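Taking it in order: structure first as structure tokens, then the write-up.
Each value in this text was obtained by applying a stated rule to the coordinates, not by laboratory testing. A quick note: this is a predicted structure, and the numbers were derived from the prediction, not measured. In this analysis, Cβ positions are derived from the backbone assuming ideal geometry, glycine residues included, and neighbour counts consider all displayed protein chains.
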Amino acid sequence: MMSSNPSEKSDLKRLQKQLRHFAIQRNWDQFHTPKNLVMALSGEIGELTEIFQWVTPEQSQHLSEEKKQQLEDEIADVMMYLVRLADKCDVDILEACQRKIIKNADKYPIERCYGSAKKYNEL
């Protein structure tokens, strides 16, 4: 398994703690159930999707400064809800990602999937 950079892990833990503290200060922790956080995350994914709706693939790679700022805000919202969900469910995001990368490497061996957009069961 690839090892996580210790500073990345501490940065993520610091963000998790900061978001937890932010919610507690506002008495929002009571609303931050896994169900509610997933629903909020889904809404933010929708807002992120709207940025790319109705643009060409080329346009999606060259956003205006205004759209880029909107993209940054929406990515931040998605990340914060995801980190908050992981915190409430006691999931170590970096460890989960490392395990998933290993699973994906098994599903998508380079020699079978190189340059292909097919799903693993279609290779």
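Using the structure shown, select from K13/K88; K35/K68; K35/K88 the pairs with a Cα to Cα distance greater than 18 angstrom.
Violating the 18 Å limit, Cα to Cα: K35/K68.
Using only DSSP helix segments of four residues or longer, with each worth -39500 (n - 2.57), what per-residue ellipticity at 222 nm results for the chain after dividing by its residue count and rounding to 500?
Calculated mean residue ellipticity at 222 nm is -22500 deg cm²/dmol.
Once you charge only the Cβ atoms, +1 for Lys and Arg and -1 for Asp and Glu, what is the size of the charge dipole of the chain about its Cα centre, to the nearest 20 debye?
600 debye
Hey, can you list the DSSP H helices of the chain whose Cα span along the axis is 15 Å or longer and whose average Kyte-Doolittle score is at least -1.0?
34-52, 65-88, 93-107
If I stretch the segment between I110 and D90 completely, what's the gain in nm (0.36 nm per residue apart, minus their alpha carbon distance), one decimal?
Between I110 and D90, full extension yields an extra 3.9 nm.
With +1 on each Lys and Arg Cβ and -1 on each Asp and Glu Cβ, and nothing else charged, work out how big the dipole of segment 1-65 is about its Cα centre, in Debye to the nearest 20.
About 580 debye.
Excluding residues fewer than 8 places away in the same chain, name every one of the aspartates and glutamates whose C-alpha is closer than 20 Å to that of K103.
Leaving aside aspartates and glutamates fewer than 8 places away in the same chain, those within reach of K103 are D92, E95, E111, E122.
With mean projected area of the Cα convex hull in nm² defined as stated, name the option among (i) 10.4; (ii) 6.8; (iii) 8.0 computed from the structure displayed.
It is the one labelled (i).
When Lys and Arg each count +1 and Asp and Glu each count -1, what net charge do the other residues less than 14 Å away from R112, Cβ to Cβ, add up to?
Taking every other residue near R112 into account, the sum is 0.
Just grab the label-to-label distance for K119 and Q98, each label 7 Å out from Cα along the Cβ direction, in nm (one decimal).
Here the modelled spin labels are 3.0 nm apart.
Taking the Cα centre of segment 27-123 as the origin and placing charges on Cβ (Lys, Arg +1; Asp, Glu -1), which of L63, N104, I75 is farthest toward the positive end of the dipole?
My answer, from the dipole projection, is N104.
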